[in-house]
Amino acid sequence: MLPLSFESIRLFLHITAAAVWVGGQLTLLGLLPVLRGFGPDATKLAARKFNVIAWSAFGVLFITGIWNLLAESPGAKGTAWNATLGIKLLMVAATGIAAAFHAGARSKAILAVGGAVSLLAGLASVLLGVMLSTASG
C-alpha cells in the first residue's frame, strides 16, 4: 500500500469539499420539485440546513485552495497555467458571491440568478481545477 501523504490529504479534502459544494447544489436542484410539494417551508428549511454544510465546505475549499497554491508554486508554472488559475479564482469568487446573493435573496429573480450563477461557476471551477492538476506546467 502507498503511504498516506500530506499531498493526498490536501487533495482529498479539497475534492471532497468541492463535491459537497457543487454536488449539493445539483442534488438540491433535483430535489426542489419534491420539496415544493411539501409546502414553502420545506424548501426554506432544506436550504437553511444545506447552507450550514455548504458554507463549511466552501471554507474548506478556501483553506485547501491556499494550501494547493503554496504546494504548487504558481510562479514556476507557465503563462497558460497561470491564466487558467486566474480564471479559476474568478469562478471561485463568482460561485461564492452568487451563492451569498442566492442565500439572502428577497426576490425570485435574485434567487434564480444567484443559484444558477453559483452552480455554473462552481462547475467551471471544478473543471478548471482538473485542468490545472493534469497540466504539465
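Read the figures in this text as sums done on the coordinates, not as results from a lab. These numbers were taken from a predicted model, which means no experiment stands behind them. Here the Cβ is made from the backbone with ideal geometry for all residues, glycine too, and neighbour counts use every protein chain on show.
Give a residue-ordered list of calculated ³J(HN,Hα) values for segment 34-49 (Karplus: 6.51 cos²θ - 1.76 cosθ + 1.60, θ = phi - 60°; whole Hz; x for Gly, Pro).
5, 4, 4, x, 8, x, x, 5, 5, 5, 5, 5, 4, 5, 4, 5
Using a Gaussian network model of the chain with C-alpha springs under 10 Å, which one of 57, 80, 19 is most mobile by mean-square fluctuation?
Between 57, 80, 19, it is 80 that shows the largest mean-square fluctuation.
Multiply the residue separation of residue 100 and residue 120 by 0.36 nm, subtract the distance between their alpha-carbon atoms, and state the gained length in nm to one decimal.
In short, 5.8 nm is gained.
For the ranges 90-97, 102-109, what's the packing order if you count other beta-carbon atoms within 10 Å of each residue, average per peptide, and put the highest first?
Ranking the peptides 90-97, 102-109 by packing returns 90-97, 102-109.
Relative contact order for the chain using alpha-carbon pairs under 8 Å, separation at least 6, rounded to a whole percent?
26 percent
By how many nm would the segment from residue 76 to residue 56 lengthen if fully extended, with 0.36 nm per residue of separation less the alpha-carbon distance?
Roughly 4.1 nm would be gained on extension.
Given (1) 2, 8, 12, 14, 14, 11, 8, 5, 4, 4, 4, 4, 3, 2, 1, 1, 1, 0, 0; (2) 2, 10, 18, 22, 17, 12, 9, 6, 4, 2, 0; (3) 2, 9, 17, 17, 14, 10, 8, 6, 5, 4, 3, 2, 1, 1, 0, 0 as candidate values of P(r) over Cα pairs in 5 Å bins from 0, in percent, which corresponds to the one derived from the coordinates?
Identified label for the calculated read-out: (2).
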